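Derivation of every value follows stated rules applied to the coordinates shown; laboratory data play no part. Values in this document were obtained by computation on a predicted structure and should not be read as measured data. Don't worry about glycine lacking a Cβ; one is built from the backbone with ideal geometry, like all the others, and counts go over all protein chains shown.
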2 protein chains.
Amino acid sequence: MSDRLSINHYSIRQWRLPELVEGCQKNGIKSIGVWRDKINAVGLEKARQLLQESGIAVSSLCRGGFFPYSSDQERTNTIADNQRAVDEAAALGSPLLVLVCGGMASAGLDCSREMVREGIAGLTPYAQARGVKLGIEPLHPMFIANRSVIATLEQANALADHFPADTVGVVIDAYHVWWDPNLYREIARAGSRIFAVHVSDWLVPPPDFLNGRGLMGDGCIEFGKFITAVNGAGYKGPIEVEIFNEQLWSLPGDEALSLIKKRFAEFVH
Amino acid sequence: MSDRLSINHYSIRQWRLPELVEGCQKNGIKSIGVWRDKINAVGLEKARQLLQESGIAVSSLCRGGFFPYSSDQERTNTIADNQRAVDEAAALGSPLLVLVCGGMASAGLDCSREMVREGIAGLTPYAQARGVKLGIEPLHPMFIANRSVIATLEQANALADHFPADTVGVVIDAYHVWWDPNLYREIARAGSRIFAVHVSDWLVPPPDFLNGRGLMGDGCIEFGKFITAVNGAGYKGPIEVEIFNEQLWSLPGDEALSLIKKRFAEFVH
């Protein structure tokens, strides 16, 4: 199982990319999830070389999306930015661009959801031509106004169904979906469209909803059941640990990494 | 429309019951939603008299529920407490007891949901015999660990379907359900089982998730669409304003009440 551990860069945000790569090499971790801001801080070409030489795989690039717009200019900028994100994923050898679809635009909730569909429709051929998959990540319903109008796996699955199954799928993050009474039905339905799986725990109550995610075992998510379900749906890829947590970020990176590794071994199977 | 305005006591928590009743009389408000702690602070019999003499109707009593348990003792206490809540509703002439079903018990999410079903099954004949309806209120998914394992209207409807339609129904609070892609389908499905409707707004982002609800018009909820849907489903009862907001609580009660009245007239139709 531990071979499936992938470290999302934002779990150890205190590190720059070279430190993360080195830390993962030392700890036998085989893949990482990277973020555009952290890549850009190093430079795309340098990041590409570093990753290639390290032998560490990229499980995903975070993030594209934010499709709903309130002006034509915003729409144009978003299209260009998403194409750049696909280009970056291709350059880095990331098989996947994670889509955080974006919150409500001034036109309202239904229109915003339609803008997401249109945005993905526009991006799909561009991504397909470059061999990059697009993963729709439903975010917790508390983020619907400002981060993602796509709030359930049912919704993400229905959206993905409009597009080619080899290019558009879903990213299932336990933190965002664990509460959902339809979760297990929808994991089974997603099947081969599960492009990535993320884990972090739900603290009771969360000290902060955005940056108060917990280390696995500190909260109440039933990971055993969750992992069994994604495995049962046929998912064999990496399990990415993505924890936004101020306390974890305040630790030396090495300590944060070994905590994550330990908790992953203990709880994620 | 303004005849449908009901003030939930917790919107003006700075007032005791006598002040709330007086404030509502002055402002021509015809009904209020009461809370057990505020009733008990005055005494049940005195509260009953006060309400009866005032001519103000009680739209609901908050709250019963919290069914999931981690010990037999806890289960026994919960049953007794819910029966007391039904008795109080009957004494006050409240047609409805609102059920906040309770968060996860140590047995996990599925078991906790089953405990809610059992709890309602046990309470239903008791409530029916006393002429009190039970309203299952789905809470926002961010409260699932500590307040309600019932998180969507779909789930509340499915749960209510197990019980007699004249006694068990749902309470639809815009703040808790507005994000749900299946909301309008489920409002239509609920139909005559809609026992109460609550409103408050979702601020972007909420300053606090529990006590940072907004006055209607300060957030992003599309009330026009929401009210049209509950009306379309056949609901003709009061619209209860239930705002948990530290800022509103810091105002003199009269000011809070006139703000609520103004915003209700402006946004809730």
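Miscellaneous remarks
- Every pair of residues 6+ apart whose Cβ atoms lie under 6 Å, when the first sits in the stretch B:119-140 and is touching a residue at least 24 places away in the same chain (Cβ under 8 Å) and closer than 15 Å to residue B:60 by Cβ while the second is among the aromatic types (Phe, Trp, Tyr) and assigned to a strand (DSSP E or B): B:133/B:195; B:135/B:195
- Residue count for the stretch B:144-173 under the criterion of being farther than 25 Å from residue B:210 by Cβ and β-branched (Val, Ile, Thr): the result is 2.
- Here residue B:164 clears all of (1) within 30 Å of residue B:129 (Cβ to Cβ); (2) at the interface with chain A (Cβ under 9 Å from one of its Cβ atoms) except the condition numbered (2).
- Selection status of residue B:70, surrounded by fewer than 16 Cβ atoms within 10 Å (Cβ to Cβ), out of contact with any Lys or Arg (no Cβ under 9 Å at 6 or more places or on another chain) and in contact (Cβ under 8 Å) with a residue 12 or more places away in the chain: yes
- Helices (runs of 4 or more DSSP H) fully within the stretch A:133-213 that include at least 2 residues being under 21 Å from residue A:263 (Cβ atoms) and touching a strand residue (DSSP E or B) at 6+ places or on another chain (Cβ under 8 Å): A:174-177.
- Inter-residue pairs, beta-carbon under 6 Å, first farther than 17 Å from residue A:238 by Cβ and in the stretch A:1-23, second of a type in the set (A, V, I, L, M) and surrounded by 14 or more Cβ atoms within 10 Å (Cβ to Cβ), 6+ apart: A:17/A:42; A:17/A:47
- Number of positions in the stretch B:169-205 that are closer than 28 Å to residue A:116 by Cα, touching a Lys or Arg at 6+ places or on another chain (Cβ under 9 Å) and of a type in the set (A, V, I, L, M, F, W, C): 2
Residues are listed down the side, and each one gets a yes or a no for (1) free of Cβ contacts under 8 Å to residues at least 12 places away in the same chain; (2) surrounded by fewer than 21 Cβ atoms within 10 Å (Cβ to Cβ); (3) over 19 Å from residue A:24 (Cα atoms); (4) within 12 Å of another protein chain (Cβ to nearest Cβ):
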position: A:190; (1), (2), (3), (4): no, no, yes, no
position: A:193; (1), (2), (3), (4): no, no, yes, no
position: A:200; (1), (2), (3), (4): no, no, no, no
position: A:204; (1), (2), (3), (4): no, yes, yes, yes
position: A:220; (1), (2), (3), (4): no, yes, yes, yes
position: A:227; (1), (2), (3), (4): no, yes, yes, no
position: A:244; (1), (2), (3), (4): no, yes, no, no
position: A:266; (1), (2), (3), (4): no, yes, no, no
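- Flag set for residue A:227, criterion: part of a helix (DSSP H, G or I) and closer than 23 Å to residue B:144 by Cα.
- One residue stands out in the stretch A:147-187 among those that are of a type in the set (S, T, N, Q) and under 17 Å from the mean Cα position of the chain (by Cα): the one that is surrounded by the most Cβ atoms within 10 Å (Cβ to Cβ), namely A:148.
- Among the residues of the stretch B:206-217, those identified as in contact with a Lys or Arg (Cβ under 9 Å, 6 or more places away or on another chain) and more than 10 Å from every other protein chain (Cβ to nearest Cβ) are B:215, B:216, B:217.
- When each of A:130, A:117 is tested for being of a type in the set (Lys, Arg), farther than 26 Å from residue A:200 by Cα, within 14 Å of chain B (Cβ to nearest Cβ) and out of contact with any Gly (no Cβ under 6 Å at 6 or more places or on another chain), the lone residue that passes is A:117.
- Failed condition for residue A:111, given (1) on the phi > 0 side of the Ramachandran plot; (2) within 14 Å of another protein chain (Cβ to nearest Cβ): (1)
- One residue stands out among those in the stretch B:81-115 that are free of Cβ contacts under 8 Å to residues at least 24 places away in the same chain and either surrounded by 20 or more Cβ atoms within 10 Å (Cβ to Cβ) or not acidic (Asp, Glu) (or both): the one that is nearest to residue A:224 (Cα to Cα), which is B:108.
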